[in-house]
1. Which of the residues spanning the range 267-285 are without any contact (Cβ under 8 Å) to a residue 40 or more places away in the chain and either farther than 25 Å from residue 312 by Cβ or more than 12 Å from ligand 1 (Cβ to nearest atom) (or both)?
2. Let me spell it out: the conditions are (1) more than 16 Å from ligand 3 (Cβ to nearest atom); (2) within 18 Å of the chain's Cα centre (by Cα); (3) within 19 Å of residue 69 (Cα to Cα), and residue 178 meets all of them except one. Which number is the exception?
3. Return a yes/no flag: does the range 11-27 have any residue that is more than 15 Å from ligand 3 (Cβ to nearest atom) and more than 27 Å from residue 316 (Cβ to Cβ).
4. Confirm whether residue 98 is modelled with pLDDT under 95 and away from ligand 1 (no atom under 16 Å from the Cβ).
5. When the range 14-33 is examined, which residues are found to be part of a loop (DSSP other than H, G, I, E, B), more than 15 Å from the chain's Cα centre (by Cα) and under 25 Å from residue 239 (Cα atoms)?
6. Here are some conditions: (1) surrounded by fewer than 22 Cβ atoms within 10 Å (Cβ to Cβ); (2) within 13 Å of ligand 1 (Cβ to nearest atom); (3) over 27 Å from residue 290 (Cα atoms). Residue 23 meets all but one. Which one does it not meet?
7. What's the total number of residues in the range 170-197 that are farther than 21 Å from residue 148 by Cβ and within 15 Å of ligand 2 (Cβ to nearest atom)?
8. Considering only residues that are in a helix (DSSP H, G or I) and within 16 Å of ligand 2 (Cβ to nearest atom), look in the range 293-320 and name the one that is surrounded by the most Cβ atoms within 10 Å (Cβ to Cβ).
Ligand SMILES: C[S+](C)CC[C@H](N)C(=O)O
Ligand SMILES: N[C@@H](CCS)C(=O)O
Ligand SMILES: [Zn+2]
């Protein structure tokens, strides 16, 4: 594990808390994200809301906050009529907004006589090629016949360079649905010699495999061989599948494991709406979070349709106190 991550996990008492659904909370604050750029549209229209969402997750106890760049892509911004410099400026802005929120929140925490939070880490979100396509393919992994690993690398290269150079503590590759993209990302981290530690989190729709149907085991072979990837895991996957996936990942890797499932609702990529969850039993999200920690996850949070109140409950149950872990650097 990278030093900063090891530290935050230790300071959180063995399992660090990741924030919750970023786009979900933006919508709750009134943002319209029905847009090809999805939540990244707010980098243009409502940057103050982005910072507000980060603040709310920090207040809820998140040890790691994830930037607003999930669907912020250079081709996406260019298609909006922007210049390349403007597009790159917005990518950098997504990291600055998260860093500003983290630093302001930390300063206000230190002013209190008994600080009850950890200084959070900022993870730069990088969504999959499927997220950019905005056709639901981050949940199918079907990118069509013409897509190759080289094309995926070219798609990701410049954004990765710009985000990595903007000062995040981590890079968070999120909801990666297939093996070709995971392999392309690992190669890109090496080719570009990215020094910021990364996590690669997959999406799954059956709890056994990646969305594409490929196995975690085949992906772990090349992930394990890369020092650039310090954490592996799953996100935006229904909660009922998480414990089984952690057990499978534990068999395949010694790397730290991150899990941040969605609420169990299903994204309808065509209609652009969430469909009701299949029942996942009677356990609440926070009670499940405790089981994920016990199964071996070192970082636990929530993805789409989870909120600051979800993360507040997760933080309470994982850190085992009514207030948060009281550690300063
Ligand atoms: C994680 S999904 C809900 C993000 C939105 C999707 N890429 C779209 O643009 O429709
Ligand atoms: N970080 C993104 C992930 C979407 S799957 C968000 O929370 O909006
Ligand atoms: Zn999600």
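The values are calculated or read from the model by the stated rules, or taken from the named source; none is laboratory data. All of these numbers come straight from a predicted model, not from anything done at the bench. When we count neighbours, we look across all protein chains shown, and the Cβ atoms used for this are built from the backbone with ideal geometry, even at glycine.
1. 271, 273, 275, 276, 277, 279, 282, 283, 284
2. Failing condition for residue 178: (3).
3. no
4. No: the conditions fail for residue 98.
5. Passing the criteria: 14, 15, 29, 33.
6. Of (1) surrounded by fewer than 22 Cβ atoms within 10 Å (Cβ to Cβ); (2) within 13 Å of ligand 1 (Cβ to nearest atom); (3) over 27 Å from residue 290 (Cα atoms), only one is false for residue 23: (3).
7. The qualifying residues number 4.
8. Restricting to residues being in a helix (DSSP H, G or I) and within 16 Å of ligand 2 (Cβ to nearest atom), the top hit is 314.
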